[in-house]
Amino acid sequence: MKQGILFFTLMTSLLAAGAANPPAATVAAAKPAVVYSIADRSYLSLCMTLSISAREIAEDKLQGQPADRVKAGFAGDSRAPVLVPLVDQVYSDNFTDTWDYTGSFYKDCGDRVGHLSPAQIQPSMTCMYKGVVAAAALATRETGTEKSEAYGMFSSHGDLARPVIDGVYAPKATPGRGVVMDVWNSCMDLLTRS
């Protein structure tokens with residue numbers, strides 16, 4: 001129950017901060033059977049963004065970083081009111097694999113925030129994971145890590161990960177944080193009705 005209240009507070013803070021502005025939708029020629037409304041996509045966009053943060057915090061947890069140190073890393077960050085409680089939530093959860101945890105977190109967020117069933121959320125899972133890979137690839141590129149090492153991070157997810165990593169590493173200059181949303185949006189455009 002405490003986690004549910006924390007999660008609700010977290011989501012309310014994000015929504016109040018304007019983090020869930022719906023992106024413009026475009027219609028693809030061939031639509032899958034299940035599509036999202038603009039409102040559903042907005043909620044799922046928020047959940048994707050939170051899932052990226054949850055994955056990063058989960059990595060810290062599995063690497064043995066104390067929660068207080070992770071929280072201190074958010075000092076001065078405008079997102080601290082959301083991220084600090086998220087650290088508590090992630091550190092209280094039990095998991096051994098960040099990829100699986102990220103998927104569970106995303107589904108839970110889609111249920112709690114967007115009131116979407118697991119079956120409704122499922123088609124967007126690939127888009128969420130592409131966003132996660134884009135965020136990780138961007139972080140590795142920003143530190144000067146070679147593309148081959150980024151491939152190695154997601155070697156078990158090659159078919160999904162490799163084209164995303166290639167896209168993040170393709171431009172001569174390191175792309176900005178917007179590349180993550182670009183990857184998400186290009187995937188979700190195929191699943192969103194206008």
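Before moving on, here are some points about what is shown:
- Subset of segment 57-67 (residues that are in a helix (DSSP H, G or I) and without any contact (Cβ under 8 Å) to a residue 40 or more places away in the chain): Ile57, Glu59, Asp60, Lys61, Leu62, Ala67
- Beta carbons closer than 8 Å, at least 6 apart along the sequence or on distinct chains, pair a first residue in segment 166-179 that is within 13 Å of Thr140 (Cβ to Cβ) with a second that is among the acidic types (Asp, Glu) for Thr174/Glu142.
- Test: Ser124 is closer than 30 Å to Ser37 by Cβ and crowded, with 23+ Cβ neighbours inside 10 Å: yes
- Within segment 104-115, residues that are among the hydroxyl-bearing types (Ser, Thr, Tyr) reach partners that are in a helix (DSSP H, G or I) and open to solvent by 10 Å² or more (accessible area, probe 1.4 Å) with beta carbons closer than 8 Å, at six or more positions or on different chains, in the pairs Tyr106/Met125.
- Residue pairs meeting the criteria (Cβ under 8 Å; at least 6 apart or on separate chains; first free of Cβ contacts under 8 Å to residues at least 24 places away in the same chain, in segment 83-95; second open to solvent by 30 Å² or more (accessible area, probe 1.4 Å) and not basic (Lys, Arg)): Val84/Phe74
- Checking Met48, Met11 one by one, the residue that is hydrophobic (A, V, I, L, M, F, W, C), crowded, with 21+ Cβ neighbours inside 10 Å, within 30 Å of Phe95 (Cα to Cα) and at pLDDT below 50 is Met11 and no other.
- For segment 158-175, residues that are open to solvent by 50 Å² or more (accessible area, probe 1.4 Å) and under 24 Å from Ser124 (Cα atoms) total 4.
The values are calculated or read from the model by the stated rules, or taken from the named source; none is laboratory data. On a predicted model such as this, the values are computed, not experimentally measured, just so you know. All Cβ positions, even for glycine, are placed from backbone atoms using ideal geometry, and neighbour counts span all protein chains on display. To get the accessible areas, we keep the full protein, side chains included, count just its heavy atoms, and leave off ligands, DNA and RNA. Shrake-Rupley method; radii C 1.70, N 1.55, O 1.52, S 1.80 Å.
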